[in-house]
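Down below is the structure, laid out as structure tokens.
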Amino acid sequence: MMKKKEFSIPFSGLKQGKHEFEYAINNEFFESFGYTDFNDAKLNLKVLLNKTSTMLEFELITEGIVNVDCDVSSEAYDQAIATELELVVKFGETFNNEDDEILIIPHGEHQVNIAQYVYEITVLAVPQKRIHPGVLDGSLDSAALKKLEELQPKEKKGDTNNTDPRWDALKKLITDK
């Protein structure tokens, strides 16, 4: 199981300047947060750290594929995602993570754990409505799609005016100025 502590970056021993870290993220990472919407995940995380004397600047870049279920057909498909986050870490008296882009840690700390930020940007990068590409282009052959098409309301033959007469009365109000 992928531990969240693997995403703790020890900055106290690093020289000032730019540093780069890379991680491979799979579904175990999301399961450690109790998130089970992904069937599978293959993501690459690149962390760019710029260490200065007063603060740390992180740039988190995530790219890869997550396997999710389609909301329309319930068929699994691979959803490509790419996201990034800039995080500034400052030093203060107490820990404060109320701001999404500024993290304040106590002066005595020697490492920063970025696991929560990686989890959040990745989950938020997946579209809210997940639609299989085969549904959009009509190439997916699914029993669920056939049933949805079968239950779709039928148009009445010879009915050229598809508007509701109640709306027509309301439309007259707009033009009667």
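The values are calculated or read from the model by the stated rules, or taken from the named source; none is laboratory data. As the structure is a computational prediction, the values presented were derived from the model and not from experiment. When we count neighbours, we look across all protein chains shown, and the Cβ atoms used for this are built from the backbone with ideal geometry, even at glycine.
Six or more apart or on different chains, Cβ under 8 Å: which pairs go from a residue in segment 61-76 that's without any contact (Cβ under 8 Å) to a residue 40 or more places away in the chain to one that's assigned to a loop (DSSP other than H, G, I, E, B)? Could you list them?
The qualifying pairs are ASN67/PHE38; ASN67/ASN39; ALA76/ASN39; ALA76/CYS70.
Looking at segment 1-10 only, could you name the residues that are surrounded by 10 or more Cβ atoms within 10 Å (Cβ to Cβ) and at pLDDT below 90?
Within segment 1-10, MET2, LYS3, LYS4, GLU6 meet the criteria.
Tell me which strands (runs of 3 or more DSSP E) are completely within segment 51-147 and hold 2 or more residues being more than 26 Å from GLY34 (Cβ to Cβ) and not aromatic (Phe, Trp, Tyr), or say none if there are none.
Once the strands (runs of 3 or more DSSP E) in segment 51-147 are filtered for at least 2 residues that are more than 26 Å from GLY34 (Cβ to Cβ) and not aromatic (Phe, Trp, Tyr), what remains is 55-69, 76-92, 102-106.
Among the numbered criteria (1) touching a Phe, Trp or Tyr at 6+ places or on another chain (Cβ under 7 Å); (2) at pLDDT 90 or above, which single criterion is violated by THR122?
Status for THR122: all satisfied but (1).
Go through segment 99-112 and report how many residues are exposed (fewer than 15 other Cβ atoms within 10 Å of the Cβ) and either farther than 27 Å from GLN79 by Cβ or at pLDDT 90 or above (or both).
So the count comes out to 8.
Condition (residue is more than 21 Å from SER12 (Cα to Cα), surrounded by 13 or more Cβ atoms within 10 Å (Cβ to Cβ) and not acidic (Asp, Glu)) applied to segment 84-96: is it met by at least one residue?
yes
Search segment 105-124 for residues that are within 13 Å of LYS4 (Cα to Cα) and touching a residue at least 40 places away in the same chain (Cβ under 8 Å) and pair each with any residue that is of a type in the set (Asp, Glu) and not in a loop (DSSP other than H, G, I, E, B) when their beta-carbon atoms are under 9 Å apart and the residues are at least 6 apart or on different chains.
From segment 105-124, the pairs are ALA115/GLU6.
Going by what's in this entry, would ILE25 be described as closer than 30 Å to PRO133 by Cβ and assigned to a strand (DSSP E or B)?
The answer is yes for ILE25.
Please verify whether ASP37 is closer than 30 Å to LYS147 by Cβ, in contact with a strand residue (DSSP E or B) (Cβ under 7 Å, 6 or more places away or on another chain) and loosely packed, with under 13 Cβ neighbours inside 10 Å, treating the condition exactly as stated.
yes
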